[in-house]
1. Does B:ILE141 satisfy the condition of being among the β-branched types (Val, Ile, Thr), assigned to a helix (DSSP H, G or I) and more than 30 Å from B:MET83 (Cβ to Cβ)?
2. Given the structure, is A:VAL176 within 9 Å of chain B (Cβ to nearest Cβ) and in contact (Cβ under 8 Å) with a residue 40 or more places away in the chain?
3. Go over the candidates A:PHE96, A:PHE31 one by one and state the one that is modelled with pLDDT under 85, within 14 Å of chain B (Cβ to nearest Cβ) and either surrounded by fewer than 14 Cβ atoms within 10 Å (Cβ to Cβ) or touching a strand residue (DSSP E or B) at 6+ places or on another chain (Cβ under 6 Å) (or both).
4. Which is under 23 Å from A:SER202 (Cβ atoms), within 24 Å of the chain's Cα centre (by Cα) and free of Cβ contacts under 8 Å to residues at least 24 places away in the same chain, of B:GLY30, B:GLY105, B:GLY25?
5. Hand me the list of helices (runs of 4 or more DSSP H) wholly inside the range A:21-112 holding 2 or more residues that are farther than 22 Å from B:PHE22 by Cα.
6. Within the range B:25-74, take every residue that is in a helix (DSSP H, G or I) and among the aromatic types (Phe, Trp, Tyr) and give me the one that is surrounded by the fewest Cβ atoms within 10 Å (Cβ to Cβ).
7. So for the range A:207-216 (the condition being part of a loop (DSSP other than H, G, I, E, B) and either within 14 Å of chain B (Cβ to nearest Cβ) or within 27 Å of A:LEU83 (Cα to Cα) (or both)), does at least one residue qualify?
8. What do you reckon, is A:ILE160 outside any helix (DSSP H, G or I) and closer than 18 Å to A:LEU59 by Cα?
Amino acid sequence: MTSDSKTIDNKVSTETNTDSENSYKKSLVGFFEDITLLTKFSLRFFKEVFKPPYEFNELVRQSYLIGYKSFPLVAITGFIMGLVLTIQSRPTLAEFGAESWLPAMVAVSIIREIGPVITALIFAGKVGSGIGAELASMKVTEQIDAMEVSGINPFKFLVITRVLSSTLMLPLLVIVADTIAMYGAYIGVNLKGDVTFQLFFSQVFEKLDFSDVFPAMIKTFFFGFSIAMISCYKGYNSNKGTEGVGESANSAVVIGSLSIFILDMIAVQITSLFL
Amino acid sequence: MKKTSGNKIRLGIFVSAGIVLFIVGIYFIGERQQMFSKTFNISGIFKDISGLQIGNNVRFSGINVGVISDIQQVTDSTVKVDMLIDEDSRKFIKKNAKAIIGSDGLMGNKLVIITPGEPGKPMLADNDCIATAQPVSMDEILMKIKVTSTNAAEITGDLSSIIKNIRDGKGTIGKLFMDSVFADNIDKTLVNIKQGAGGFKQNMNAASHNFLLRGFFKKKKKDKDKEKDEKNKN
């Protein structure tokens, strides 16, 4: 009796182990499959982007929704980013008696790193989830199939316009966010000090260089591209009914945000190689 | 339809504002690097540039007038530094001006400081080579500090042996401070001097009443009174 129960226990634990191993294998295989499909999806984008017809009106509409509609959110984030970074950096610099370096230090950290990354994260949260959910619900309700039947290329109309507008709008949003963050930093400096507007900006531009601005701007194009591409891929390939809509939106944001950090790390490595 | 065109206008404004902000930023950064202003080129030959880099500032009379545009090693002990200088400053920089490598504050970036030449001399021409002076490097300062501190250590050693001698009552100063017999002698000497001074005063009093010297003392008294009257009048 005892030996029987032991055998059953062993059988159950072996089965559980096999199940968990299988699920790990499945998710690992799924991960690599996803990478392959995403690469194919991106290649299809580059194949089709230059082919007519061009959906210019849809591109403008998406740019308005993705770019202009994100402006208030990005502006508020940018302002708080500049203000908080200045307030937090002051005590450390004050210890060395180097408070006059505050504008330059905040400017370099915002322009080089914090501005592009934080704006891209906010962008991934707002736009990535939106695109993921929208395309997934279109897929689930078979609107994408209907488009194909009616002779419209859904990839061109839905994916290319969104990816292009996201790639073009994120750099603009970053420029606006950086500018507003500098204004926030100016207010932050003046909370406990007395620095004129002109002196603040002359100190900011004194320390900024083209090597700070251009790599930071170039990487934002890649951020915008990857966010929209991942979101479109997740939405376009959603096939689990209504449950899949939520999952697509969620994974679009998570993978999109992760891709920002990975791209940022690569960008920093490349920049440090050349500059 | 109206809504669509309104959206397009808003998007257009947003895109234009973003591009304008970017161009303004680029302009200000470029202006600092003398990209959009008229400039002329000069160069200087240095033995050691102490970590100067391309893009560092060139300062004249405390004003940033240019940037370092190129740095080239010419021989094993000479480095050629090219500088782009603002055209507006050309009239102030004379042929015999000198360039020195300094730094912006204690921890700041390296920069080239141009000292003004003598007035009346001709202005620098394009691609001129400016005279240079070797800066005092941090290593040299540290070497000097090392010599000074060695000297200071020797001096304090000497001082401590002198103080030890004084404590032991050796030498004149040691005796003065530490020897009680010596102090008694000085005390007695002072008493003797005091007595001697009293006797001398008596002798002088007697001399002033002597008929041979009375005239001299009277004359002296008159001169003194006269001087006093003049002082009162003034």
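1. Details: among the β-branched types (Val, Ile, Thr): yes; assigned to a helix (DSSP H, G or I): yes; more than 30 Å from B:MET83 (Cβ to Cβ): no.
Considered against the rule, which asks whether it is among the β-branched types (Val, Ile, Thr), assigned to a helix (DSSP H, G or I) and more than 30 Å from B:MET83 (Cβ to Cβ), B:ILE141 comes out as no.
2. Numbers: within 9 Å of chain B (Cβ to nearest Cβ): yes; in contact (Cβ under 8 Å) with a residue 40 or more places away in the chain: yes.
Taking the combined requirement at face value, the residue satisfies it.
3. On the way: A:PHE31 fails: within 14 Å of chain B (Cβ to nearest Cβ).
That would be A:PHE96, the only listed residue that is modelled with pLDDT under 85, within 14 Å of chain B (Cβ to nearest Cβ) and either surrounded by fewer than 14 Cβ atoms within 10 Å (Cβ to Cβ) or touching a strand residue (DSSP E or B) at 6+ places or on another chain (Cβ under 6 Å) (or both).
4. Values: B:GLY30 fails: within 24 Å of the chain's Cα centre (by Cα); B:GLY25 fails: within 24 Å of the chain's Cα centre (by Cα).
None of the other options fit; the residue is B:GLY105.
5. Details: elements: A:56-66, A:71-95, A:102-109.
Here the list reads A:56-66, A:71-95.
6. If we filter the range B:25-74 for residues that are in a helix (DSSP H, G or I), which is where we start, we get B:25-32.
In the following step, the residues that additionally are among the aromatic types (Phe, Trp, Tyr) were identified as B:27-28.
Numbers: B:TYR27: 13, B:PHE28: 16.
The selected residue is B:TYR27.
7. Our first condition is that a residue be part of a loop (DSSP other than H, G, I, E, B); within the range A:207-216, this holds for A:208-209.
From what's left, either within 14 Å of chain B (Cβ to nearest Cβ) or within 27 Å of A:LEU83 (Cα to Cα) (or both): A:208-209.
Scanning the range A:207-216 turns up at least one residue that is part of a loop (DSSP other than H, G, I, E, B) and either within 14 Å of chain B (Cβ to nearest Cβ) or within 27 Å of A:LEU83 (Cα to Cα) (or both).
8. Values: outside any helix (DSSP H, G or I): no; closer than 18 Å to A:LEU59 by Cα: yes.
No: the conditions fail for A:ILE160.
The values are calculated or read from the model by the stated rules, or taken from the named source; none is laboratory data. The structure presented is a predicted model; accordingly, all values stated were derived computationally and were not measured. In this analysis, Cβ positions are derived from the backbone assuming ideal geometry, glycine residues included, and neighbour counts consider all displayed protein chains.
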